[in-house]
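Quick notes on the structure that follows.
What follows draws every value from the coordinates through simple rules; no lab data is involved. The structure presented is a predicted model; accordingly, all values stated were derived computationally and were not measured. Reconstructed Cβ throughout: ideal geometry from the backbone, glycine too, with neighbour counts over all protein chains shown.
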Amino acid sequence: MGPLISTTELATRFDRSVADGLVILDATTTLPGERFDPDAAFLAAHLPGARRFDLDLFSDPDSSLPHAVPSPGRFSRLIEALGVSSGSEIVFYDQTGVVSAARGWWLLQLFGHDRVQVLDGGLPAWRAENRALEAGEPGPAAPGRFTAALRTHRLAGLGDMMELSRQAEAGLAGAARLLDARGRGRFEATVPEPRPGLPGGHIPGAVSLPFGELLVDGHRFRPMSEVRARFADAGVGAGDAVVTSCGSGLTASVLSLGLVACGLEPGALYDGSWTEWAQAPVPRATGAGR
């Protein structure tokens, strides 16, 4: 099972009435600067049988950082309430593209679940093809039984990043490639960060790879040969260790998804990302970087 599913393939599953055991989750959230209500939009129109996967709920309530990974216990309890079990097949989608869906995919992967995909193109692609939609609140889900198995190697913390940054800056052989999914203006500190009071720049040793470069029209992945070429331009090849980051761990998930989709190593994701790094007593770099 690849990490992406096309609108045609998903529609075929419905058409063949084999959707039993398939759980469709709308993971839409807003990025800084966006002004719309994902919950209201979900009630107005969603994929048939879909349920809301609220990324704010699926975060650590005790962390000061946005979208921080929750505990395995919290994650299991919330995902079971959506009808997900350890044997479920899950498809995430996003009302505006793939960003939030990619974060949902990454979280399921992090907690040990591989039968999970992202709808390539999200709701915009589904709508463009005039496919069926539903409205209103979905009925209650039969509770699932999910066992979380945290894959710690898929998650990087501040301490990890301090050492990885040192290695990347020194150009050590085998050093992990540190990819930053934010726009280049934020990476270079030529435009302000969207979060008030946060300085601009990037982690020393990191390389800029804006997540939008992997997409067409902002919501569908480019052909995988082109995605792989974008990673190659950023210095990532077969077998390389990679850590993705962004502002708060959301758009970094698009890079993580792209890595797997084009056949590269999944690597890890720095969950605190720039929001944590910029507030910590660690070096900050500006300009074009490596």
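Provide TRP126, TRP106 in ascending order of the number of other Cβ atoms located within 10 Å of each residue's Cβ, fewest first.
Least crowded to most crowded, the residues run TRP126, TRP106.
Using alpha carbons only, how many angstrom separate the centre of segment 137-169 from the centre of segment 193-239?
That distance is 20 Å.
Gain in length, ARG115 to ALA142, computed as 0.36 nm per residue apart minus the alpha-carbon separation, to one decimal in nm?
My answer for the length gained is 7.8 nm.
Could you list which residues have their amide H under 5 Å from that of LEU155, counting only those 5 or more apart in sequence or on another chain, with H placed in the peptide plane?
Amide H to amide H, under 5 Å and 5 or more residues apart or across chains, LEU155 pairs with LEU269.
For helix 99-110, report the angle its Cα long axis makes with the longest principal axis of the Cα atoms of the chain; keep it between 0 and 90° and round to the nearest 10°.
Around 90 degrees separate the two axes.
So how strong a dipole does the chain carry about its Cα centre when Lys and Arg Cβ are +1 and Asp and Glu Cβ are -1, to the nearest 20 debye?
The dipole magnitude comes to about 300 debye.
Taking the Cα centre of segment 4-150 as origin, sum charge times position over the Cβ atoms of Lys and Arg (+1) and Asp and Glu (-1), and report the length of that vector in debye to the nearest 20.
220 debye
Working from the alpha-carbon coordinates of segment 4-150, get Rg over Rh, Rh being the Kirkwood radius.
0.94
Which of ASP94, ASP114, ASP56 moves the most in a Gaussian network model of the chain with Cα springs under 10 Å?
The residue that fluctuates most here is ASP56.
Taking only DSSP H segments of four or more residues, each worth -39500 (n - 2.57), what value at 222 nm results for the chain once the sum is divided by all its residues, to the nearest 500 deg cm²/dmol?
-8500 deg cm²/dmol
Among VAL242, SER225, GLN167, pick out the residue whose Cα is farthest towards the positive end of the charge dipole of segment 153-277, where Lys and Arg carry +1 and Asp and Glu carry -1 on C-beta, about the Cα centre.
Of the options given, the answer is SER225.
Send over the Kirkwood Rh of segment 153-277, from the inverse of the averaged 1/r over different Cα pairs, rounded to one decimal Å.
14.4 Å
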